[in-house]
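These notes concern the structure reproduced below.
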Amino acid sequence: MRSTTIQVLQTLQSLEREPSNLALWEGAQYLINLGIYLNDLDLEEDAAAIFMGITTIYQTLMQSNPRTYLPYVAWGLGYLAGIYFGTPEGLEFAKQAVDICGGVAATLQDGSSLARSLSIYALHLSENDDFDSAVTFAKEALAIQRKVSTPQQDPGCLSVTWEASGEEPVVLSSARTIFRTYDAAINDVVCLRIYADSLIHAGRWSEALIVTTEVVNCLDALAKCSPLIQDLNIWLGEMHEDHRYIIANICSPDHPLVATISEVDDLDDSGHEDDFGEDTSTGP
């Protein structure tokens, strides 16, 4: 604890005296890791001070070089939103990230930071019971992320391929098969997962089934590329649980876990009764 306190003080002094020393990736990563470490120790106020420092200093540096420093600002605000998740402050930090990234993304023609910020904002809207708005922003985040171009990769770079489950243009991709770099696929699946969660919270089961199917497909492809990363397998297991939960709200749990769009349409048209004997075929 003593060494952590010293690190915090040294970092804050460095921010005040020589912000240019933190203008590199290593500086940002150091601060982010320190903030995460403090938050893991339940030192939320100290962690918030670090992330506020990140946001302040890199927002200043962003004025002269937005392409380089915008991600650091978005990360700082995103972590602040996470610390205050479920509060008006958390929602406001998430909204600030959307506003800042939205103002710069068009100029940079790079939507990665904006897509990430929109997804985080959607999470906060769901937590605040604004489910319809959450779906809107989560869908927009996925649409933007799908348009993010990936750099030409060298032959040794990992690539990921999976089957899209939807046919809606742009958002779920009109192509049945999606090819992405590994890093881009990670960003895709984060946006997909949050979109699926927002649809679940809104009770839009048929859409949630389609999106969740693609989350499972993408995570399965990622896990095959990196079988030693346990978090991917854990996440995949959680999504299978979500998949079963969604199907239980649409029809009998005996229905196949992988559903096509035509099958989802058939489910919606069939009509069924929930546990209370009420017809839910006209639900949201």
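Throughout, read-outs are computed from the coordinates displayed, never taken from laboratory work. All of these numbers come straight from a predicted model, not from anything done at the bench. Cβ coordinates were reconstructed from backbone atoms using ideal geometry, including for glycine residues, and neighbour counts include every protein chain displayed.
Run the numbers for T181 and E92: contour at 0.36 nm per residue of separation, minus the present Cα-Cα distance, in nm.
28.8 nm
So what are the ³J(HN,Hα) numbers for region 79-92, from phi and the Karplus equation (6.51, -1.76, 1.60; θ = phi - 60°), rounded to whole Hz, Gly and Pro as x?
Ordered by residue, 3J(HN,Hα) equals 5, 4, 4, x, 4, 9, 4, x, 10, x, 5, x, 4, 5 Hz.
Students often get this wrong: which residues of region 178-216 have the backbone nitrogen under 13 Å from the point 7 angstrom along Cα-to-C-beta of C225?
178-190
In whole Hz, with x marking every Gly and Pro, tabulate ³J(HN,Hα) for region 114-126 from phi via Karplus 6.51 cos²θ - 1.76 cosθ + 1.60, θ = phi - 60°.
Here the 3J(HN,Hα) series is 5, 4, 5, 5, 5, 5, 4, 4, 4, 4, 5, 5, 4 Hz.
Under a point spin-label approximation (7 Å from Cα along Cα-to-Cβ), what is the N128-T68 distance to one decimal in nm?
3.4
Would you order R204, R116, R176 from fewest to most other beta-carbon atoms within 10 Å of each residue's own beta-carbon?
Final ranking by Cβ density, sparse to dense: R176, R204, R116.
Could you give the length gained on full extension between D99 and T136, defined as 0.36 nm per residue of separation minus the Cα-Cα distance, in nm?
This chain segment gains 11.7 nm when fully extended.
Just order 239-246, 61-68 by mean Cβ neighbour count inside 10 Å, highest at the front, would you? Show your work: numbers first, answer last.
On the way: 239-246: 17.5, 61-68: 13.9.
Result, highest mean Cβ count within 10 Å first: 239-246, 61-68.
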